[in-house]
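Undergrad: Let me give you the structure first, and then I'll get to my questions.
The values are calculated or read from the model by the stated rules, or taken from the named source; none is laboratory data. Just so it is clear, the structure is predicted and the values come from calculations on it, not from any experiment. Cβ: placed from backbone, ideal geometry, glycine included. Neighbour counts: every protein chain shown. Surface accessibility is based on the protein's heavy atoms, side chains included, excluding ligands, DNA and RNA. Shrake-Rupley method; radii C 1.70, N 1.55, O 1.52, S 1.80 Å.
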2 protein chains.
Amino acid sequence: MGKDDSEFMQEAIRLSVSNVTEGRGGPFGAVVVKDGKIIARGVNQVTTTNDPTAHAEVVAIRNACMVLNTFQLDGCEIYTSCEPCPMCLGAIYWARPAKLFYANSKEDATAIDFDDQFIYEELAKPVAERKLFTRQILREEALEAFTKWRESTVKISY
Amino acid sequence: MGKDDSEFMQEAIRLSVSNVTEGRGGPFGAVVVKDGKIIARGVNQVTTTNDPTAHAEVVAIRNACMVLNTFQLDGCEIYTSCEPCPMCLGAIYWARPAKLFYANSKEDATAIDFDDQFIYEELAKPVAERKLFTRQILREEALEAFTKWRESTVKISY
């Protein structure tokens, strides 16, 4: 762990603490770093913005992409005060940073009643065994969009 | 599959097709339904809005929560033109709708070069075995926010 890694994580932790003490949302903070500098921050804003996707990492990624004017975080590092939930870890993979650092574990999050571990377990199950009613319908019709995508000459892949 | 289910999915599919033909983004569309009516729509806007989290389901969930003025989709159904990626499935679990319907499978998405399957495989691996460099640091310091959350008397749980 380098001195810089420690400092960036301390900023993510500071954000997570102040988010609770200032009553803005869950105890989570994240920062995105590029070339040794913090370029974006995020805190959990689920209940204050009525957005269940507004976790610290998602907010930080969105902010970083705005700053960089791109949809990919090439060469960036993400420091988050807690191990990302499946939504946030998925978002991180789509954003494609170089490195990820986290502090609290998903077990720590479970211990204060967040669903992270439950959602990880659900994702690992076959669709039919999940607690969320899930059903596949109309696949044949839906393939049209994928065929059009494959044939498109103007698409921007990601 | 009820007649309504079919109609709602056809709207999600229509959105997925027009998103490609109009050059707005990837071949994905989603709708959120409550009490038999579509209350929100979403299409993939990753490359047009520089937001790697702007998948159809995430956009539809955010829109539905704005319409309902809440951070939970109680009693709602989500119809998405493709099996959700881990990010979107995580977002769906956090939003807590009653039911989920999808059309194309994640294998169909892989066949047109999207990372859905790869990300599912990564999430299932122990952290140390993932392709994304990931490291836990400063857990002890980070626990402060979780302790403060547990002790908070003003928090809004979700």
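Undergrad: Looking at A:M1, A:M66, which one is modelled with pLDDT of 95 or more and of a type in the set (A, V, I, L, M)?
TA: Testing whether each residue is modelled with pLDDT of 95 or more and of a type in the set (A, V, I, L, M) leaves just A:M66.
Undergrad: Mind checking which residues of the range B:89-111 are within 14 Å of the chain's Cα centre (by Cα), in contact (Cβ under 8 Å) with a residue 60 or more places away in the chain and not in a helix (DSSP H, G or I)?
TA: Residues of the range B:89-111 within 14 Å of the chain's Cα centre (by Cα): B:89-97, B:99-102, B:106.
From the residues that got through so far, the ones that are in contact (Cβ under 8 Å) with a residue 60 or more places away in the chain too are B:94, B:97, B:101.
Listed by number, the residues that qualify are B:P97, B:F101.
Undergrad: Right, here's the next one. Name the residues in the range A:136-158 that are among the polar types (S, T, N, Q) and either open to solvent by 90 Å² or more (accessible area, probe 1.4 Å) or within 17 Å of B:A30 (Cα to Cα) (or both), would you?
TA: Going residue by residue through the range A:136-158, those that are among the polar types (S, T, N, Q) are A:136, A:147, A:152-153, A:157.
Once the filter is applied, which keeps residues that are among the polar types (S, T, N, Q) and either open to solvent by 90 Å² or more (accessible area, probe 1.4 Å) or within 17 Å of B:A30 (Cα to Cα) (or both), the range A:136-158 yields A:Q136, A:T153.
Undergrad: May I pose another question? I'm checking my understanding of the structure. Among residues of the range B:13-31 that are more than 8 Å from chain A (Cβ to nearest Cβ) and either under 18 Å from B:G75 (Cβ atoms) or part of a helix (DSSP H, G or I) (or both), which one is most open to solvent (accessible area, probe 1.4 Å)?
TA: Looking at residues that are more than 8 Å from chain A (Cβ to nearest Cβ) and either under 18 Å from B:G75 (Cβ atoms) or part of a helix (DSSP H, G or I) (or both), I get B:R14.
Undergrad: For the subset of the range A:1-10 comprising residues that are surrounded by fewer than 18 Cβ atoms within 10 Å (Cβ to Cβ) and either of a type in the set (D, E) or touching a residue at least 12 places away in the same chain (Cβ under 8 Å) (or both), which member is farthest from A:K99 (Cα to Cα)?
TA: Among them, the one singled out is A:E7.
Undergrad: Can you give me the number of residues within the range A:78-92 that are in contact with a Lys or Arg (Cβ under 8 Å, 6 or more places away or on another chain) and open to solvent by less than 10 Å² (accessible area, probe 1.4 Å)? Working first, answer last.
TA: Of the residues in the range A:78-92, the ones in contact with a Lys or Arg (Cβ under 8 Å, 6 or more places away or on another chain) are A:78, A:82-83, A:85.
If we keep only those that are open to solvent by less than 10 Å² (accessible area, probe 1.4 Å) as well, we get A:78, A:82, A:85.
The number of residues fulfilling the criteria is 3.
Undergrad: Within the range A:17-54, work out how many residues are among the aromatic types (F, W, Y) and modelled with pLDDT under 95. Full working, then the answer.
TA: Keep residues of the range A:17-54 that are among the aromatic types (F, W, Y), which gives A:28.
With modelled with pLDDT under 95 added as a condition, the list becomes none.
Residues in the range A:17-54 being among the aromatic types (F, W, Y) and modelled with pLDDT under 95: 0 in total.
Undergrad: Under 8 Å between Cβ atoms, at least 6 apart or on separate chains: pull out the pairs that start in the range B:118-137 with a residue that is at the interface with chain A (Cβ under 7 Å from one of its Cβ atoms) and of a type in the set (S, T, N, Q) and end on any residue that is outside any helix (DSSP H, G or I) and crowded, with 16+ Cβ neighbours inside 10 Å.
TA: B:T134/A:L100; B:T134/A:F101; B:T134/A:Y102; B:Q136/A:E83; B:Q136/A:F101; B:Q136/A:Y102; B:Q136/A:A103; B:Q136/A:S105
Undergrad: Right, next: From the list A:A103, A:A95, pick out the single residue that is within 30 Å of B:E22 (Cβ to Cβ), open to solvent by less than 20 Å² (accessible area, probe 1.4 Å), at the interface with chain B (Cβ under 8 Å from one of its Cβ atoms) and of a type outside the set (F, W, Y). I'd like the intermediate steps shown before the answer.
TA: On the way: A:A103 fails: within 30 Å of B:E22 (Cβ to Cβ).
Exactly one of A:A103, A:A95 is within 30 Å of B:E22 (Cβ to Cβ), open to solvent by less than 20 Å² (accessible area, probe 1.4 Å), at the interface with chain B (Cβ under 8 Å from one of its Cβ atoms) and of a type outside the set (F, W, Y), namely A:A95.
Undergrad: In the range B:32-77, what residues are farther than 30 Å from A:P97 by Cα and open to solvent by less than 20 Å² (accessible area, probe 1.4 Å)? Break it down stepwise before answering.
TA: Filtering the range B:32-77 for residues farther than 30 Å from A:P97 by Cα gives B:32-40, B:67-70, B:73-77.
Of everything in the range B:32-77, those that are farther than 30 Å from A:P97 by Cα and open to solvent by less than 20 Å² (accessible area, probe 1.4 Å) turn out to be B:V32, B:V33, B:A40, B:L73, B:C76.
Undergrad: Against the condition open to solvent by 40 Å² or more (accessible area, probe 1.4 Å) and among the hydrophobic types (A, V, I, L, M, F, W, C), how does B:F133 come out, does it pass? Steps first, please.
TA: Details: open to solvent by 40 Å² or more (accessible area, probe 1.4 Å): yes; among the hydrophobic types (A, V, I, L, M, F, W, C): yes.
The answer is yes for B:F133.
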